[in-house]
Amino acid sequence: MHRVPPHRADGPVRAGIPEHGRIPRYYAVKTELLWLVDALGVGAALPSERELAERFSVSRVTLRQAVGELVLEGKLQRRQGSGTFVAPPKLVQPLSLVSYTEGMLRQGVHPARNVITCELLPADEVLSDDLRLDLGAPVVHLERVLLADEERIGLESTYLSVARFPDLLDVFDATTSLYSCLTDRFGVVFDEAEERLETVLATPREALLVGNNPALPMLLLHRVSYDTAGEPIERVRSLYRGDRFSFVARLTAEK
């Protein structure tokens, strides 16, 4: 039943199909659906579940498993009450000292933010260590939903020292770029950052804010940024939808 797609350097060899050809039924359907997705193009609606099950001669349960994996991988999108559609390419954010705003604008995407939390907190052990503060020192916490062309794609929490940025909450419009404010208003020069990236499942609250299925994997990024004097500027915890986001990094040899 299944066809092996042409080899692509950015995909699994032989589309993940073993040489003996014995694969689960749902995976054979999945490979056929990939042909269909390419033929339909971005934004096109997938045929009905009944039609696809008949076309591939499989049960609806098998078909749903195949479709579900493509949704997880970001190839398809489900829209409540409308059906399943071919998803656009994932957004790409560089793993570098580039702001979210700049990263999106480079791709011709309009960035925006919905402010969820804007508060002062006492520094816990993690913030005390990362921002080099006394335990309990006041810290600004900004929590914002990240949008790309009005689509919710992430949730970001940023922590900054009140001692270093005493009037930040008075002068900063939290719906705009924080990096621009820190650079223009406070003269901050970003020099380097330490980042850690992992996959997680969103909490119920996070899934609700991002509009994501709690069963879908998310990309979690922790970052501590430093200025040219080696002093910490911010600690950031960013959560991105795994079906809509990917990261790219340029690596150089150690010298």
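Of all the residues in segment 26-79, those that are aromatic (Phe, Trp, Tyr) and in contact with a helix residue (DSSP H, G or I) (Cβ under 6 Å, 6 or more places away or on another chain) number 2. Of the residues making up segment 1-34, those that are modelled with pLDDT of 70 or more, open to solvent by 70 Å² or more (accessible area, probe 1.4 Å) and under 19 Å from Ala87 (Cβ atoms) number 0.
Looking at this structure, is Arg78 under 16 Å from the mean Cα position of the chain (by Cα) and surrounded by 14 or more Cβ atoms within 10 Å (Cβ to Cβ)? Even if it seems obvious, please write down each step before you answer.
Numbers: under 16 Å from the mean Cα position of the chain (by Cα): no; surrounded by 14 or more Cβ atoms within 10 Å (Cβ to Cβ): yes.
Judged against the criteria, Arg78 is not a match.
Selection of segment 82-104 for residues being open to solvent by 20 Å² or more (accessible area, probe 1.4 Å) and part of a strand (DSSP E or B) yields Gly83, Thr84, Phe85, Val92, Pro94. Criterion applied to Thr252, Thr183 was being over 16 Å from Ser157 (Cα atoms), hydroxyl-bearing (Ser, Thr, Tyr), more than 12 Å from the chain's Cα centre (by Cα) and modelled with pLDDT of 90 or more, and the one residue passing it is Thr183.
Hey, among the residues in segment 105-139 that are of a type in the set (D, E, K, R) and either open to solvent by less than 60 Å² (accessible area, probe 1.4 Å) or at pLDDT below 90 (or both), which one's nearest to Lys90 (Cα to Cα)?
It comes out as Arg106.
Please find, among Val37, Val42, the residue that is open to solvent by 20 Å² or more (accessible area, probe 1.4 Å) and either at pLDDT 90 or above or not in a strand (DSSP E or B) (or both).
Val42
The values are calculated or read from the model by the stated rules, or taken from the named source; none is laboratory data. On a predicted model such as this, the values are computed, not experimentally measured, just so you know. Cβ atoms come from the backbone with ideal geometry, glycine included; neighbour counts cover every protein chain shown. Accessible surface is based on the protein model in full, side chains and every heavy atom, while ligands, DNA and RNA are left aside. Shrake-Rupley method; radii C 1.70, N 1.55, O 1.52, S 1.80 Å.
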